[in-house]
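What follows is a short report on a single structure.
The values are calculated or read from the model by the stated rules, or taken from the named source; none is laboratory data. In this text, all values refer to a predicted model and were calculated from it rather than measured experimentally. Positions of Cβ are generated from backbone atoms using ideal geometry, with glycine treated the same way; all protein chains shown enter the neighbour counts. Accessible surface is based on the protein model in full, side chains and every heavy atom, while ligands, DNA and RNA are left aside. Shrake-Rupley method; radii C 1.70, N 1.55, O 1.52, S 1.80 Å.
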Amino acid sequence: MRYISTRGGVDPVTFSQAVMMGLATDGGLLLPESFPAIDQATLQRWAKLGFKELAIEVIWPYVGEDLTREELTDLVVRSYSTFDHPEVTPLVETGGRRILELFHGPTAAFKDVALQFLGNLFELLLERSGGHLNILGATSGDTGSAAIYGVRGQQRIDIFILHPYKRVSPIQERQMTTVLDANVHNIAIQGTFDDGQRIVKELFNDLTFKDEYTLGAVNSINWARILAQVVYYFYAWGRVTGGDTQQQVSFSVPTGNFGDIFAGYVAKRMGLPVNRLILATNRNDILSRFVNSGVYQLGDVQPTISPSMDIQISSNFERYLYYLMDQNPAKVKELMKQMATTGKLEVPEDKRREVESVFHAESVTEAETRAQITETYQKSGYILDPHTAVGVKAAANFPEAICLATAHPAKFGDAVKEAIGIEAPPPVSLQGLMEKETRCEILSADAGVIQDYIKSTLAKR
Ligand SMILES: *Cc1c(COP(=O)(O)O)cnc(C)c1O
């Protein structure tokens, strides 16, 4: 399998090159040249597999000759042994709803599914090449800690994570800043998540800097992250249907950067019987407005009780745009240029209808989110975190949909308490965080300042 850029300016690269490249060198995003087609017999067989066995099957066709079957097996087993549930991503039925719990990893959010795998994959590839990698990423909360936990203590990796100062939940902040390993560098920037993302993009686009410092990404722009997330769509479908390929299911996905839901789109393209992908946003609704109007237009970021979705520029959206524009890089480039110059892009009506045939989008208000947490708790005793609640609310008209539970409710104690009067009991991974020692640098939201900090920090290592 080879990988290409959405903007057409990169000669096809291998899986390991795509993983190490992160963002494509032409400013686009990397995608596989084609999707492996999964036939019905294979789907039926996969439906019987446990999560780890299934992960090996789903990922295998994408790695080409870069990993042996044994290496992939070892990666998968190590990555998912850190989860506190034997099924890794269990599907629960509660109060008449299907919930796919993706939060059993070390940081209690779904990003662990991808980042435990990516961290181990990086390590393997670096050992092979004898190289060193400096990971740079921006987080709105959950990515940062999940990325840090993916690579903490590794010899061949330093990690720099930018989070918006005081705009992540106290627990999220602590999860990052209490990791004191020498290779972990937390930076709180005085700005928003979008500022962080912009700085990261700018530094990656400084090709001299990128090469000299071997910068790599862990944000959802890394193909390996999307790939790892494809697995649980197949897994959940198997649990619900028992492998009956006549049965389509819908998935409701609390969406920010479009990574998680794009993984669902990939699963659908591979042949998974998916009815609708329900794109659930909070009041930062650029994506739901796009699905419903065909116009993708920037607004201001508004803080909500589901902060990991407080995003306006969705970094993975360009990947979907590539398929929507019939895999024509020239059209993608044109639209992204429009976006860069006018803050807005628009697709024609026939394309908008195509979008609507795949996605159903809803934007959910803060009051609705709280009401959903309350309602689900009263009905079934099950506690939703605010992100998951956005997804459950958006799926109100799809009672059979599988709702992706993207964070453990104990991570967002205040919002949960406001809705139901109590906090969810924390998993072991979240206990005692507030008492631990922390380390973090507060810097202004300026690419030059961040670049200097990275250089001086690495000079001391
Ligand atoms: C990151 C995150 C999301 C959004 O996922 P995307 O892949 O960015 O769309 C939703 N919920 C939680 C809890 C998250 O951490």
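Pairs Lys210/Lys411; Lys351/Lys411; Lys111/Lys351; Lys436/Lys460; Lys201/Lys393: which exceed 27 Å Cα-Cα? Distance filter (> 27 Å) returns Lys210/Lys411; Lys351/Lys411; Lys111/Lys351; Lys201/Lys393. Quick check: Cα centre of segment 422-441 to Cα centre of segment 83-151, how many Å? What the calculation gives is 18 Å, centre to centre. Can you tell which of Phe398, Ser293, Phe412 lies farthest toward the positive end of the dipole of segment 292-422, using +1 and -1 charges on the Cβ of basic and acidic side chains (Lys, Arg; Asp, Glu)? Going by the Cα projections, it comes out as Phe412.
Normalising the average separation of contacting C-alpha pairs (under 8 angstrom, six or more residues apart) by the number of residues puts the relative contact order of segment 372-434 at 31 percent. Taking the average, over residues, of other Cβ atoms within 10 Å as the packing measure, peptides 301-309, 436-444 rank 301-309, 436-444 from highest down. Straight-distance candidates among the aspartates and glutamates for linking to Lys52, with alpha-carbon spacing under 12 Å and chain neighbours fewer than 8 residues away dropped: Asp74, Glu87.
Give me the percent relative contact order of the chain, please, defined on Cα pairs under 8 angstrom at least 6 residues apart.
Working: 923 pairs, mean separation 89.3, N = 461.
Once normalised by length, the contact order is 19 percent.
Excluding ligands, DNA and RNA, the accessible surface per residue across the chain is 37 Å² with a 1.4 Å probe.
Where both bridge residues fall in the chain, DSSP classifies roughly 25% of the beta bridges as antiparallel. With the helix formula -39500 (n - 2.57) applied to DSSP H stretches of n ≥ 4, the chain reaches a computed 222 nm mean residue ellipticity of -14000 deg cm²/dmol.
Tally the DSSP beta bridges in segment 256-379 and give the antiparallel ones as a percent, rounded to 5. The partial results should precede the final answer.
Numbers: 3 of 8 bridges.
Bridges in segment 256-379 that DSSP calls antiparallel: roughly 40 percent.
With the highest mean first, a sort of the peptides 204-211, 221-228 on other beta-carbon atoms found within 10 angstrom per residue produces 221-228, 204-211.
As a ratio to 2.2 N^0.38 Å, the alpha-carbon radius of gyration computed for segment 294-444 takes the value 1.31. From the largest down, segment 381-436 spans 43, 21, 16 angstrom on the principal axes of its Cα atoms.
Using alpha carbon coordinates only, what is the Rg to Rh ratio of segment 132-237, with Rh defined as the Kirkwood radius?
Rounded to two decimals, Rg over Rh is 0.99.
Taking every pair of Cα atoms in segment 25-111, average 1/r, invert it to obtain the Kirkwood radius, and report Rg/Rh to two decimals.
On the way: Rg = 15.7 Å, Rh = 15.3 Å.
Ratio of gyration radius to Kirkwood radius: 1.02.
Placing +1 on each Lys and Arg Cβ and -1 on each Asp and Glu Cβ, with no other charges, gives the chain a dipole about its Cα centre of roughly 180 debye. For segment 84-166, the ratio of Cα radius of gyration to the globular rule of thumb 2.2 N^0.38 Å stands at 1.30.
If you wrap the chain in the convex hull of its Cα atoms and look at it from every side, the mean projected area works out to 19.8 nm². Ordering 411-424, 104-117 by mean Cβ neighbour count within 10 Å, with the highest value first, yields 104-117, 411-424. Taking 7 Å steps out from each Cα toward its Cβ at Asp181 and Glu212 produces label points 2.7 nm apart.
Between His85 and Lys48, the modelled labels are 2.4 nm apart [label points 7 Å from Cα along Cα→Cβ]. Across 5 Å bins from 0, what is the distribution of all Cα-Cα pair distances for segment 1-148, in whole percents? Result returned by the calculation: 2, 8, 14, 17, 20, 19, 11, 5, 2, 1, 0.
Dividing the C-alpha radius of gyration of segment 206-275 by 2.2 N^0.38 Å, with N its residue count, gives 1.45.
Taking all Cα pairs closer than 8 Å and separated by 6 or more residues, the relative contact order of segment 266-360 comes to 35 percent.
By the combined test of axial Cα extent (at least 15 Å) and Kyte-Doolittle hydropathy (mean at least 0.0), the qualifying DSSP H helices of the chain come to 51-63, 111-129, 223-241, 259-270, 447-460.
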